[in-house]
2 protein chains.
Amino acid sequence: MSSFIPGFNNTLDAKAQFYLELAEQCAALLQGQRNLVSNTANVSSLVYHALQETPTREGKPVNWVGFYLADAKRPDTLVLGPFQGKPACVEIAFGKGVCGTAASTSASLVVKDVSMFPGHISCDAASKSEVVVPLRASNGKVQGVFDIDASVVDAFDDFDRIGLEAIANLVAEASDF
Amino acid sequence: MSSFIPGFNNTLDAKAQFYLELAEQCAALLQGQRNLVSNTANVSSLVYHALQETPTREGKPVNWVGFYLADAKRPDTLVLGPFQGKPACVEIAFGKGVCGTAASTSASLVVKDVSMFPGHISCDAASKSEVVVPLRASNGKVQGVFDIDASVVDAFDDFDRIGLEAIANLVAEASDF
């Protein structure tokens with residue numbers, strides 16, 4: 001189990017344990033299916049419901065979990081992919097807002113207060129903080145982002161980032177782009 | 001507004017009014033975007049949350065709303081598309097279960113008790129009744145299905161079927177296959 005998230009091997013932190021178990025469940029859910037839409041749809045659901053139900057998130061409710069995927073025809077544009085939560089923005093240019101910045105820099109972002117992020121795109125006024133991690137193909141190319149929002153500020157930390165990066169990597173390895 | 005669902009023009013039924021308004025909201029949400037994944041993701045969210053929140057569904061809670069899409073490489077296979085609800089079966093062959101039967105016959109199905117449907121595929125034991133409507137391209141070819149589940153038996157009627165058919169048609173007309 002510990003192999004899914006090497007950085008979490010030697011910690012007893014409850015959140016790290018939560019993500020170790022969640023990554024294991026994601027790996028099981030992804031078995032035998034290479035379709036990117038199917039995989040991102042099921043992983044959005046698994047992660048959303050797990051985050052909703054875990055006691056470690058009490059007081060920091062997650063309100064949106066999903067993927068934006070690079071458009072095959074317009075490679076510098078993210079298009080809304082499968083998600084759980086309220087309806088969302090359908091397109092985000094690489095470099096714009098939190099998702100577009102994570103995509104263009106191929107780097108994760110933990111944003112404590114989205115209203116302070118330069119050029120933030122407000123899809124849902126309920127979202128106050130956010131973590132976005134890149135979804136990268138085996139050649140390193142960014143093929144989308146995994147985006148998790150919460151309805152309070154400062155809901156995410158580096159444990160969330162590391163855990164969600166591991167899950168995005170499992171999705172990328174399990175899917176055809 | 002009435003043009004979205006012609007059969008509902010002359011009724012004051014609360015559920016018909018609900019679907020007329022929901023179809024109007026779907027049409028607005030689909031404006032300017034032809035990406036099938038983006039459109040099915042946002043419509044799943046809009047319909048799921050509307051069905052969760054409407055008083056006309058009290059006592060008949062909807063627990064899953066989403067799409068299965070025909071696999072481009074295997075045209076007789078439905079693959080899980082965007083949805084709202086708990087994780088679901090990733091593949092359904094045309095002709096199998098409620099979704100596969102709706103796809104192979106290009107006809108809607110209202111199933112009062114899924115346990116009585118021959119060959120029912122139980123993705124989620126919580127689902128007790130179901131309505132499935134085909135998603136058809138402009139040439140009439142079935143490109144997927146729109147599937148709505150409830151956690152009690154007998155949760156759907158012909159008003160639901162007609163309303164959800166209208167919404168599936170809006171998604172099909174607004175999207176590239």
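A few notes on this one:
- Largest first, the three principal axis extents of the alpha carbons in the stretch B:124-177 are 35, 23, 15 Å in whole numbers.
- Here B:K73 is the anchor, and the aspartates and glutamates within straight C-alpha reach of less than 16 Å, apart from those fewer than 8 places off in the same chain, are A:D176, B:E91.
- Note on B:K112: lysines with a C-alpha under 21 Å away, same-chain residues under 8 apart excluded, are B:K15, B:K60, B:K86, B:K96, B:K128.
- The stretch A:10-174: relative contact order in percent, alpha carbon pairs under 8 Å with at least 6 residues between: 24
- Note on B:S138 and A:R74: with the Förster distance fixed at 25 Å, the Cβ-Cβ geometry gives a FRET efficiency of about 0.60.
- Teacher prompt: A:P118 distances to equivalent labels in other copies, 7 Å Cα→Cβ, nm: 6.6
- Taking the label point 7 Å along Cα→Cβ, B:V152 and its counterparts in the other copies are spaced 3.3 nm apart, in ascending order.
- Computed across chain A, the Kirkwood radius stands at 15.9 Å (inverse of mean 1/r, all Cα pairs).
- The stretch A:14-101: C-alpha gyration tensor shape, a/c 1.5 cut-off, then a/b vs b/c: oblate
- Distances in nm from A:A137 to the matching label points in the other copies, shortest first (labels 7 Å along Cα to Cβ): 2.3
- Calculated SAXS-style log₁₀ I(q)/I(0) at q = 0.07, 0.15 Å⁻¹ - the protein assembly as shown, Debye, Cα scatterers: -0.29, -1.31
- Nearest-to-axis residue in chain A, judged by Cβ distance to the rotation axis that brings A onto B and given in whole Å, is A:P82, 2.
Quick note: the coordinates plus some simple rules give every number you see, no bench work behind them. These figures come from a predicted structure and were not determined experimentally. Quick reminder, even Gly has a Cβ in these numbers, built from the backbone with ideal geometry, and neighbours come from all protein chains shown.
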